[in-house]
Amino acid sequence: MRHAKVLIDRDFVIGHTDPRLFGGFIEHLGRCVYGGIYEPDHPTADERGFRGDVLALIKELGPTVVRYPGGNFVSGYNWEDGVGPAESRPSRLDLAWFSTEPNHFGTNEFIDWCRAAGLEPMLAVNLGTRGGDAARNLVEYCNHPRGTAWSDLRRAHGWEQPHDVKLWCLGNEMDGPWQMEHKTAEVYGAIAREAAKMMRSVDPTIKLVACGSSAHNMPTFARWEDTVLEHTFDHVDYISLHTYLNNYRRDTASFLASPDLMDRFIEDVVALADAAAAKRRSDKRMMLSFDEWNVWYRTGRRRTDLLKGEWPVAPAILEEVYTMEDALAFGGACISLLNHADRVKVACLAQLVNVIAPIMTQKGGSAWRQTIFFPFAHMGRLGRGRVLRTQVESETYETSGILDKFFALHNVPYLKMAAVAGDAGSLSLFILNRDLQQEMEVSVEARSFDRLSVREALELRHHDLEATNAEDAPERVKPRPLHAVGMDARRLLATLKPASWNVVHLAPS
Ligand code: AHR
């Protein structure tokens, strides 16, 4: 049995969670849109073609904001192809995913889907093959009320009221050589700045995200942020980060430690953003948009795998099947995001349906929850409020050397956790036991709280770390009540199973 001790104080606050911290991502990629959120022939589809069973699961998952339409896809996308009468929309080759894009679903359908799901849209503009002109036209099409060619075109297309999209990404992963019209930081920075100026001239109320690095281990990391912020600091509100955790090396202990690299990535980008502020003697604090994060490593983007001599519509690609082990690493990532709520103000789980996703569908059939569904749903439902500092005393372990080509992790605490104080004196704890063999007895002292009692306690675990959910076994992995938990005066005592994700919600007695 391992032991861990945690101290929190209601007044020691890291930051408030922004509702946009609990976002998701829908890309024109594989079966995310077609056969995912949109399948007109499906028995549960409404008159717009939106799958009702998927909408119900999205509501249960609880994302708040959704990024669209890419991803790599956006860097070759002509948004005009996706609006107007469906029968006159062109099919195009999508060079990002070696597919054919039929353009049956576009910006207006996406906005309608967001409204049906109760979500805020976050649009990305193409700064790969296109630039500031197409971007400012899209803002005008979406947000300008009436009386100009683009806004009247929207009205003619059947959307009388402006979409009022507040959050916009200035391109996607422009540091990546895989990106269509990938750019140097110098070139991207200048284009992003000019696009930002024009987009804001059309609608001064919008918020903008500049592309940071597409991974912490990109060779251009840090120099990229420096240069891009040099150009865009005064014109944008957020800088982006992306991370996909992996277990390429089949080393579970290291895999479960790897979310700690997200902490480091965030802290490095904060340092770079604040250095940019210091150079300007500015008190502006650039916020972070972690607008792609997940576990992803089994499926890939190799042209030969994807194309197979054809250019299919909505091929079943990147359909990662998530294990129990993945859900644990994923839960660690949720904790990393919560613990940086002071600076990470937007985050998007990439992606939502079928493509590296918590929700899977069968064409014409059912929809089910993957293992990673649960930590996200817990975080979204119980993680709103003031994130508190946690002082953790836990035994630690070593990862086997270097985790990726730049980073090693030493002295990794077996216990990783976040604590969020909610309304009316409540407290939610998200606790990962990373020990693969031993139970952990945890004692949490919650200072300055009224007397609390346990209102809800759940654990997610499975004796087989390779266990997955599937269409014919949709509930093999699911949260169950955590029984070994109780209060002793102001101290919470819990015994956590090895390799488990645990959530405890407390409220004043
Ligand atoms: O989410 C899948 C892909 O990962 C996105 O299209 C891209 O931005 C990232 O490389």
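The values are calculated or read from the model by the stated rules, or taken from the named source; none is laboratory data. Owing to the predicted nature of the structure, the values given are computational and were not obtained by experimental measurement. Positions of Cβ are backbone-derived with ideal geometry, glycine not excepted, and every protein chain shown enters the neighbour counts. Just the protein is used for accessible areas: all its heavy atoms, side chains included, with ligands, DNA and RNA removed. Shrake-Rupley method; radii C 1.70, N 1.55, O 1.52, S 1.80 Å.
Of the residues 188, 248, the one with the largest accessible area comes first in the ranking 248, 188, computed with a 1.4 Å probe on protein heavy atoms.
Normalised by the number of residues in the chain, the mean separation of alpha-carbon contacts (under 8 Å, six or more apart) gives a relative contact order of 20 percent. If the segment from residue 450 to residue 95 were pulled out straight at 0.36 nm per residue, it would be longer than the present Cα-Cα gap by 122.0 nm.
For region 476-496, backbone nitrogen atoms closer than 20 Å to the point 7 Å from residue 7 Cα along Cα-to-C-beta are found at 488-494. Ordered from highest to lowest accessible area with the whole protein assembly present and a 1.4 Å probe, 12, 430, 374 read as 12, 374, 430.
If R0 equals 25 Å, the separation of the Cβ atoms of residue 205 and residue 234 corresponds to a calculated FRET efficiency of about 0.90. Ranked from largest to smallest solvent-accessible area, with a 1.4 Å probe on the protein heavy atoms, 497, 363, 197 come out as 363, 197, 497. Over region 199-314, Cα pairs under 8 Å with separation of 6+ residues give a relative contact order of 30 percent. Per residue, the chain exposes an accessible area of 37 Å² to a 1.4 Å probe, with every protein chain left in place. What accessible area, in Å² to the nearest ten, does a 1.4 Å probe give for residue 91? Using a 1.4 Å probe on the heavy atoms, I get roughly 80 Å². Return, ordered by residue number, the residues of region 135-164 whose backbone nitrogen is under 16 Å from a label point located 7 Å along Cα→Cβ of residue 129. Only 135 fall inside the zone, counting backbone N under 16 Å. For region 1-70, run through the trypsin sites (Lys or Arg not before Pro) and keep only the ones in DSSP coil with at most 16 other Cβ atoms within 10 Å of their Cβ. Passing sites in region 1-70 are 10, 48. Candidate cross-link partners of residue 345 among the aspartates and glutamates, defined by an alpha-carbon separation under 17 Å and a same-chain spacing of 8 or more, comprise 18, 120, 237, 263, 267, 268, 274, 291, 292.
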